[in-house]
Amino acid sequence: MNDTFLKAARGEPVDYTPVWIMRQAGRYLPQYHEVRNKGTFLELCKNPERAAEVTIQPIDYLGVDAAILFSDILVPMEAMGLELDFVEKRGPVFAHPVRDRAAVDRLGIPDPEDDLGFVMETIRILRRELSGRVPLIGFSGAPFTLATYLIEGGSSKNYINTKRMMYQDPELYHALMRKITDCTIAYLSGQIAAGAQAVQVFDSWAGVLAPCDYAEFSLPYVKEIVSALSGKGVPVIYFANNGASLLDLTTTCGADVLGIDWRISLDKVVDKIAGRMSVQGNMDPIALFLPEDKLASRIRQVLEQGRAARGHIFNLGHGIVPETPPEQARLAVELVHSISRELR
Ligand code: CP3
């Protein structure tokens with residue numbers, strides 16, 4: 001198997017820098033639209049054959065070093081008993097936001113096989129169909145990021161309802177986080193049992209918190225998830241989007257790999273990590289629109305800054321955007337491979 005990604009995650013020597021791209025299966029690929037147009041986004045997530053098919057599309061086309069399960073961080077939240085819809089141009093919507101004790105009490109802890117069996121089945125199909133070509137990454141949202149969707153009822157600008165609950169009713173907030181964390185530990189453990197060879201915890205909105213609030217209202221739950229999964233033999237990646245201001249805290253989370261976005265230069269992160277973790281990142285996804293020579297020098301810069309790390313996995317800051325020309329993404333993957341070989 002191409003295990004370069006797993007080796008870099010564990011801090012073992014590699015011949016070149018492995019790369020995968022957040023949202024690598026998605027709307028910038030015409031072949032994704034072909035499958036996606038057969039139904040709704042949630043139907044695609046719940047159809048193991050089709051979800052596996054779109055997971056593999058970027059492996060064939062881009063030549064990346066890892067596959068990431070096609071699903072969404074909100075899928076297990078629906079299984080907790082909430083009504084979830086993805087609305088065109090608006091994104092995810094929970095018709096009944098979770099804002100009081102009764103709503104928190106109603107949330108169930110889904111059993112991975114009984115309630116999210118379609119995800120486990122997708123993973124089993126993928127392990128068969130990838131047949132060792134590249135490792136498969138499973139994932140979940142981080143409890144804080146998931147809580148924002150549940151409390152706000154969808155995407156948000158100022159996170160007023162979430163922060164109000166933190167400040168005015170911390171007990172209720174913590175009760176909700178308790179349930180989301182228990183759900184997440186069960187869900188990720190299920191994915192690992194089904195065959196996921198690494199897992200990533202997406203804390204997409206961590207960066208909207210003041211460091212003191214992040215320390216109190218997000219990080220303890222991340223640490224709990226990481227520690228519950230340690231000993232299962234798969235690397236854990238924690239991605240704190242927009243987390244440059246939180247590095248003193250995120251570097252203590254205990255994960256094998258810290259994922260970061262482009263708003264900070266990689267060498268600063270590597271300094272802070274001091275050999276404790278590998279790093280994943282961190283080119284601006286919009287940099288894929290650079291002309292080839294400038295794209296190559298941008299990639300070289302990231303690779304050079306990542307050299308001092310215990311291990312480096314190349315990725316974009318926060319996911320490829322639908323407008324990206326697919327051939328630019330493919331070129332970037334080639335450049336990461338060729339330039340990083342040169343730098344060794
Ligand atoms: O990375 C991958 O290729 C795996 C698949 C994946 C998706 N979402 C597919 C998706 C993963 C890992 C996610 C995670 C996810 N979902 C996050 C964390 C990552 C991040 O972006 O920070 C978040 C915050 C969500 C919630 C979510 N899902 C939003 C806000 C949206 C709407 C986004 C938009 O631009 O419309 C989604 C929908 C979604 N998830 C799509 C895809 C491919 C688009 C759905 C479609 O095809 O219409």
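Summary of computed values
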quantity: E78 being more than 8 Å from the ligand (Cβ to nearest atom) and either under 14 Å from V134 (Cβ atoms) or part of a helix (DSSP H, G or I) (or both); calculated: yes
quantity: Flag for E34 being more than 10 Å from the ligand (Cβ to nearest atom) and either within 22 Å of Q328 (Cα to Cα) or part of a loop (DSSP other than H, G, I, E, B) (or both); calculated: yes
quantity: When residues of region 309-334 are limited to those that are modelled with pLDDT of 95 or more, in a loop (DSSP other than H, G, I, E, B) and closer than 23 Å to D256 by Cα, the one nearest to the ligand (Cβ to nearest atom); calculated: G311
quantity: Selection within region 92-109 - among the aliphatic types (A, V, I, L, M) and out of contact with any strand residue (DSSP E or B) (no Cβ under 8 Å at 6 or more places or on another chain); calculated: V98, A102, A103, V104, L107, I109
quantity: Subset of region 20-36 [free of Cβ contacts under 8 Å to residues at least 24 places away in the same chain and either of a type in the set (V, I, T) or surrounded by 21 or more Cβ atoms within 10 Å (Cβ to Cβ) (or both)]; calculated: V35
quantity: Breaking point among (1) under 17 Å from P112 (Cβ atoms); (2) assigned to a helix (DSSP H, G or I), for I151; calculated: (1)
quantity: Given (1) under 21 Å from R128 (Cα atoms); (2) among the small types (G, A, S); (3) more than 11 Å from the ligand (Cβ to nearest atom); (4) buried (at least 20 other Cβ atoms within 10 Å of the Cβ), index of the condition A67 fails; calculated: (3)
quantity: Every residue from region 101-143 that is assigned to a helix (DSSP H, G or I) and among the hydrophobic types (A, V, I, L, M, F, W, C); calculated: A102, A103, V104, F118, V119, M120, I123, I125, L126, L130
quantity: Restricting region 207-228 to residues that are hydrophobic (A, V, I, L, M, F, W, C) and touching a Leu at 6+ places or on another chain (Cβ under 6 Å), the residue that is farthest from the ligand (Cβ to nearest atom); calculated: A215
quantity: Flag for Y159 being more than 16 Å from the chain's Cα centre (by Cα), hydroxyl-bearing (S, T, Y) and either surrounded by 23 or more Cβ atoms within 10 Å (Cβ to Cβ) or farther than 16 Å from E78 by Cβ (or both); calculated: yes
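Here is a yes/no grid of residues against (1) crowded, with 23+ Cβ neighbours inside 10 Å; (2) more than 11 Å from the ligand (Cβ to nearest atom):
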{"site": "G11", "(1), (2)": "no, yes"}
{"site": "P18", "(1), (2)": "yes, yes"}
{"site": "K38", "(1), (2)": "no, yes"}
{"site": "D72", "(1), (2)": "no, no"}
{"site": "V93", "(1), (2)": "no, no"}
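The values are calculated or read from the model by the stated rules, or taken from the named source; none is laboratory data. Quantities reported herein were computed from a predicted structural model and do not represent experimental measurements. Reconstructed Cβ throughout: ideal geometry from the backbone, glycine too, with neighbour counts over all protein chains shown.
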